[in-house]
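A.B. asks: Please read through the structure below; I'll follow up with questions.
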Amino acid sequence: MTGLATLLLSYSGFVGLALAMDRHQEQAELPALNSRRKIGWRVLGSLLLVLALMAAIQAEGTSVGISFWLGMLSIAGIACALMFSYAPRRVLSSAAVIGGAGVLAWLNGYAG
């Protein structure tokens, strides 16, 4: 389950980082953000990517976990790019749901 958590948290992290950029805010039809909120999106995205790394290391060990995380980053990045291309207005809600599912999957794997 923690492998799945890595993918889901990575996707949400990339969306958070993307929404810190003006172009992607326009695509998602969000109101213009001030610099403080942009920093908040960057911090949230970075935090989610670090959580994804922690989940990967927990699932696979340190050396394989980092390689696994990099592979999941590639898949999550493609998914994020496709979402911004084909359904940009739904990207924020999808990231919230997927991020929540990722946290639950990680906690389920952590407890099990």
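A.B. asks: I need the full set of residues from the range 36-72 which are of a type in the set (S, T, Y) and over 22 Å from F84 (Cβ atoms), in order please.
C.D. replies: T62, S63, S67
A.B. asks: Could I ask something else about it? Is it the case that some residue within the range 23-39 is modelled with pLDDT of 90 or more and in a helix (DSSP H, G or I)?
C.D. replies: Checking the range 23-39: at least one residue is modelled with pLDDT of 90 or more and in a helix (DSSP H, G or I).
A.B. asks: Determine the pairs where a residue that is in contact (Cβ under 8 Å) with a residue 60 or more places away in the chain, located within the range 23-42, has a partner that is of a type in the set (A, V, I, L, M, F, W, C) and not in a helix (DSSP H, G or I) with Cβ atoms under 8 Å apart, the partner being 6 or more residues away or on another chain.
C.D. replies: Once the first residue is in contact (Cβ under 8 Å) with a residue 60 or more places away in the chain and sits in the range 23-42, its partners that are of a type in the set (A, V, I, L, M, F, W, C) and not in a helix (DSSP H, G or I) give A28/L19; L30/L19.
A.B. asks: If you take the residues of the range 60-108 that are among the charged types (D, E, K, R) and loosely packed, with under 15 Cβ neighbours inside 10 Å, which of them is nearest to L49 (Cα to Cα)?
C.D. replies: R90
A.B. asks: Please go through the range 43-61 and give me each residue that is modelled with pLDDT of 95 or more and either more than 14 Å from S10 (Cβ to Cβ) or not in a helix (DSSP H, G or I) (or both), ordered by number.
C.D. replies: V43
A.B. asks: Criterion first (over 21 Å from G109 (Cβ atoms) and within 13 Å of the chain's Cα centre (by Cα)) does W41 satisfy it?
C.D. replies: So W41 fits the description; yes.
A.B. asks: Would you say L70 is free of Cβ contacts under 8 Å to residues at least 12 places away in the same chain and in a helix (DSSP H, G or I)?
C.D. replies: yes
A.B. asks: Specify the residue that is surrounded by the fewest Cβ atoms within 10 Å (Cβ to Cβ); the eligible residues are those in the range 9-22 that are free of Cβ contacts under 8 Å to residues at least 60 places away in the same chain and not in a helix (DSSP H, G or I).
C.D. replies: Checking each candidate, the answer is M21.
The values are calculated or read from the model by the stated rules, or taken from the named source; none is laboratory data. Keep in mind it's a predicted model, so treat the numbers as computed, not measured. Reconstructed Cβ throughout: ideal geometry from the backbone, glycine too, with neighbour counts over all protein chains shown.
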